[in-house]
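The values are calculated or read from the model by the stated rules, or taken from the named source; none is laboratory data. Just so it is clear, the model here is predicted, and its values are computed rather than measured. Positions of Cβ are generated from backbone atoms using ideal geometry, with glycine treated the same way; all protein chains shown enter the neighbour counts.
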Amino acid sequence: MKPETASPYGHFDDATREYVITRPDTPLPWLNYLGQDEFFGLCTNTAGGYSFWKDAKLRRLTRYRYNNVPYDLGGRYFYVNDGGEVWNPGWKPVKAKGVKYECRHGLGYTRIVGERDGLEVETLFFVPPGENLEVWKVTVRNKSAQRKTPKLFSYQEFCFFEALNDMTNYQRTYSIGEVEVEGSAIYHKTEFRERRNHYTLFACTRPIAGFDTSRDAFVGIHEGLHEAKVPFAGQATNSVAFGWNPIGSHQINLDLAPGAEESFAFVLAYVEQGEAPKFDAPFVMNKSVGRAIVEKYSAPGAVDAALANLKAYWDALLGNFQVDCPNEHAQRMANTWNQYQCMATFNMSRSASMYETGIGRGMGFRDSNQDLLGFVHMIPSRARERILDIAATQLSDGTCYHQYQPLTKKGNADIGGDFYDDHLWLVLSTCAYIKESGDTSILQAPCAYADKAYENVVTDTLLDHLETSIAYTMKKRGPNGLPLIGHADWNDCLNLNCFSTEPNESFQTAGDVRDSKAESVMIAGLFLYAAREMAGLYEHLDRNTDAARMHGHYAEMLETVERVSWDGAWYTRAYAADGSVVGSHTNAEGKIFIESQGWCVLGGAGANNGRARQAMESVHQHLYTKNGVVLQQPAYSAYDLRLGEVTSYPPGVKENAGIFSHNNTWIHLAWCQLGEGDRALEYYLSICPSAKQDQIDTYRGEPYVYAQMIAGKDAPCFGEAKNNWLTGTAAWTFVVVSQGLLGIKPDYAGLRVAPCIPKDWPGFTVTRRFRGDTYAITVRNPDGVSKGVKALRLNGTEIDPTKPIPVVGDGSTHSVDVVLG
Ligand code: BGC
């Protein structure tokens, strides 16, 4: 194994698209997600985690206690009692000595194998595509020379669906728990008697020797999970929970000759009763839907067929984009893990991870729009649906609910709106969708505003929302002509209208923004980008007057930015409510910020006067480190009422000079825009987890997914990652590698190929599915340049290298040969 692809804890297996963990005591729990459509599970490398349907807050099926001691405790556990010795294949919770362990986190599944005293127990967890259930496949092998009669106990704890109530309201929840057991199936039916029409099923596909549904009976009152009574006693108690804490546990007795093995499965399902009658008799629920599920997965071959479906599903999805290039990290991440992470952020937004409890935040308006940028090439139809859902949480004045619940699709009133960047991201996601799919009909799709009453039919369209978004920013500008910031822009912690002195209030909602004057240079840069996108969209639609109108807005904002936001060597960040500048050499701290450099350059500011390059060189000089670009410098040393939460963090973490990977990607793209392929790759690698194997005890996070934040140089733990998985970094790094470095950019008229690579790359190949065709793209770099296409051939015929490759549209594979120079 090459040292850069392995750490003391594990290594990448690129051929199987797995990360293989060989020690359970990873620096932090390393997470994987199960599920791709509506049923999801979090699964750590020691089988910790929980499951939910659609919404981690409103439909949580199994329990998990966040910030537990240890951090990760509770999940999909199996206890093995082999001749009185008790252990778990996933090491926890018993943590028995001498268990040989391997965990493979794969695409939508986790396989954990434990072996002790010649008994091997393999557990495999996954959600079959299109199903509302999890399959736990278990294979027990007797590798010893003696007959073995092990007992196996499954264990997981049920959640009462509404997660917040479940973890806070014990005066009620301790009295309402209800289950039924039928054969090998445990039905969790709390609140089914009243308003719920759904339940959780936990069933085994094999006859069982006993069961438990009462946690007190299985674990004990004074015991912990590592010393649970039943597995150590080796006998289930057949307890039927009444109130308190219902669990699901099955006892399986095995008899295995030397060399023999047995396989069986468990199904954990979310079941909606639909039209079926709720009860067969008083207190006896109608289990027909659940029974059909158990029957389906008890059929020989059903579990393996479902796993094969899952593999085929991911092969097909990832087949939309595959690259072969000289950098193994960029290649591995882009081909597999980055696209996989984009599925997770698309599905979860920022709701459920090891850092997000699933009860706090639903889907974020700006977050979900950006998440689409890395997802749209995989399943454009789901992106379309999501765009319309998000847009429907916009208000008719142009502002947006900052977050919404995926189950209800309604905006969350507790956080509200007035983050004045939110609406602009809708322009980016919509344009990305149309460029990928060619489907302009989405613009005319009916789309309501969240606050508007309609008489029977919705008369507004998505295009109206985009127009409203642009108009809002043009209208809501401050004393310098820059966009107002509201509660905050992308940097949720730069709260220029907050002035909070009260520790019990949220920085995000405190403060009155209605008559506020604070302005954001970052929003101005983002607006430039969005206005240019709108102009391009209208040109594509042959609506030239509208395109010209957008160009006019662009020019007006650009003139303002160049006039009021240039600080001498970089763009400033904002104007505070009192009119003072933020992010200027005249400030004592926070002199230079990353976001405005990224967005002003990407928006086209400084392109013709040298400022773009100078701003980027300032980033390099003041903000770049070997672990990424810090958010600003110098870090704030004291809380500043005028600036809000950004100054509340200790120096070097989060928005106070931490390395926020998300905004690093805008700098990567800006380097690409300037033609600096070497810089772009160097910067990309500085935050790339695959490239952190040799410093994993410092980095600590999963080596296969991008982290939201890496501690900056002002922190004592410089280089330590946090908030892995659910971050806008996922979508944007996919854009960086696929569109920035490799330069494969979807456009209205076809695919553009405009790479910006390190000069020593001899070339690369990409297979890209686009609008039903497959493009086999070969890029050669005989002159050792970073940028510039001197020849482009489609199926052997020379075409104009400045134009997109025209869409052939015959469903077949086309060769594209590109020569740089
Ligand atoms: C939020 C984003 C925000 C970023 C920077 C993330 O936690 O999800 O919406 O842009 O932090 O503050």
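Filter the range 351-360 for residues that are surrounded by fewer than 24 Cβ atoms within 10 Å (Cβ to Cβ) and either in contact with a Gly (Cβ under 8 Å, 6 or more places away or on another chain) or over 14 Å from residue 58 (Cβ atoms) (or both) and give the result. Matches in the range 351-360: 353, 355, 356. Looking at the range 325-334, is at least one residue under 24 Å from residue 62 (Cβ atoms), away from the ligand (no atom under 16 Å from the Cβ) and touching a residue at least 60 places away in the same chain (Cβ under 8 Å)? No, there is no match, as no residue in the range 325-334 is under 24 Å from residue 62 (Cβ atoms), away from the ligand (no atom under 16 Å from the Cβ) and touching a residue at least 60 places away in the same chain (Cβ under 8 Å). Applying the condition of being aliphatic (A, V, I, L, M) and not in a loop (DSSP other than H, G, I, E, B) to the range 624-650 and asking which residue is nearest to the ligand (Cβ to nearest atom) yields 646.
Residue 369 passes every criterion in (1) under 23 Å from residue 472 (Cβ atoms); (2) away from the ligand (no atom under 16 Å from the Cβ) apart from (2).
Going by the conditions given, is residue 314 farther than 29 Å from residue 202 by Cβ and buried (at least 18 other Cβ atoms within 10 Å of the Cβ)?
no
Among the residues examined, residue 164 qualifies as among the hydrophobic types (A, V, I, L, M, F, W, C), out of contact with any Phe, Trp or Tyr (no Cβ under 9 Å at 6 or more places or on another chain) and either closer than 25 Å to residue 54 by Cα or surrounded by fewer than 18 Cβ atoms within 10 Å (Cβ to Cβ) (or both).
The set of residues in the range 240-252 that are closer than 21 Å to residue 136 by Cβ and either in contact with an Asp or Glu (Cβ under 6 Å, 6 or more places away or on another chain) or part of a loop (DSSP other than H, G, I, E, B) (or both) comprises 241, 245, 247, 249. Across the range 593-600, not a single residue is classified as outside any helix (DSSP H, G or I) and away from the ligand (no atom under 13 Å from the Cβ). Residue 719 meets the conditions (1) under 22 Å from residue 667 (Cα atoms); (2) modelled with pLDDT under 95 in every case but one. The failed one is (2). Scanning the range 442-478 for residues that are touching a Lys or Arg at 6+ places or on another chain (Cβ under 7 Å) and farther than 30 Å from residue 579 by Cα yields a single hit, 442. The set of residues in the range 416-460 being surrounded by fewer than 21 Cβ atoms within 10 Å (Cβ to Cβ), within 25 Å of the chain's Cα centre (by Cα) and assigned to a loop (DSSP other than H, G, I, E, B) consists of 416 alone. Filtering the range 426-462 to residues that are in contact with a strand residue (DSSP E or B) (Cβ under 8 Å, 6 or more places away or on another chain) and of a type in the set (Asp, Glu) leaves 436, 460. Only one of the listed residues (306, 330) is among the aliphatic types (A, V, I, L, M) and closer than 20 Å to residue 33 by Cα. That residue is 306. Every condition in (1) in a loop (DSSP other than H, G, I, E, B); (2) under 26 Å from residue 667 (Cβ atoms) holds for residue 563 except the one numbered (1). Taken over the range 705-727, the criterion of being surrounded by 24 or more Cβ atoms within 10 Å (Cβ to Cβ) and in contact (Cβ under 8 Å) with a residue 40 or more places away in the chain is satisfied by 705, 706, 707, 708, 709, 710, 711, 712, 724, 725, 726, 727. Conditions: (1) of a type in the set (D, E, K, R); (2) under 23 Å from residue 43 (Cβ atoms); (3) away from the ligand (no atom under 16 Å from the Cβ). Residue 350 meets all but one. Number of the miss? Result: residue 350 passes all but (3). Can you name the residue in the range 514-525 that is in contact with an Asp or Glu (Cβ under 6 Å, 6 or more places away or on another chain) and in a helix (DSSP H, G or I) and is also surrounded by the most Cβ atoms within 10 Å (Cβ to Cβ) among such residues? Filtering the range 514-525 for residues that are in contact with an Asp or Glu (Cβ under 6 Å, 6 or more places away or on another chain) and in a helix (DSSP H, G or I), the one surrounded by the most Cβ atoms within 10 Å (Cβ to Cβ) comes out as 522. Within the range 481-508, the set of residues being part of a loop (DSSP other than H, G, I, E, B), more than 14 Å from the ligand (Cβ to nearest atom) and closer than 23 Å to residue 469 by Cβ comprises 481, 482, 497.
Residues in the range 387-400: is at least one within 14 Å of the ligand (Cβ to nearest atom), outside the structural domain of residue 51 (by TED's automatic domain parsing) and in contact with a strand residue (DSSP E or B) (Cβ under 7 Å, 6 or more places away or on another chain)?
yes
When restricted to residues that are farther than 17 Å from residue 740 by Cα and either crowded, with 16+ Cβ neighbours inside 10 Å or in contact (Cβ under 8 Å) with a residue 40 or more places away in the chain (or both), the range 770-798 contains 9. Scanning the range 250-282 for residues that are aromatic (Phe, Trp, Tyr) and without any contact (Cβ under 8 Å) to a residue 24 or more places away in the chain turns up just one, 279.
Residue-wise test of (1) surrounded by fewer than 21 Cβ atoms within 10 Å (Cβ to Cβ); (2) within 30 Å of residue 789 (Cβ to Cβ); (3) within 21 Å of the chain's Cα centre (by Cα); (4) basic (Lys, Arg).
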site	(1), (2), (3), (4)
659	no, no, yes, no
666	no, yes, yes, no
670	no, yes, no, no
673	yes, yes, no, no
677	no, yes, no, no
690	no, yes, yes, no
694	yes, no, no, no
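When each of 413, 471, 448 is tested for being more than 16 Å from the ligand (Cβ to nearest atom), at pLDDT below 95 and small (Gly, Ala, Ser), the lone residue that passes is 413.
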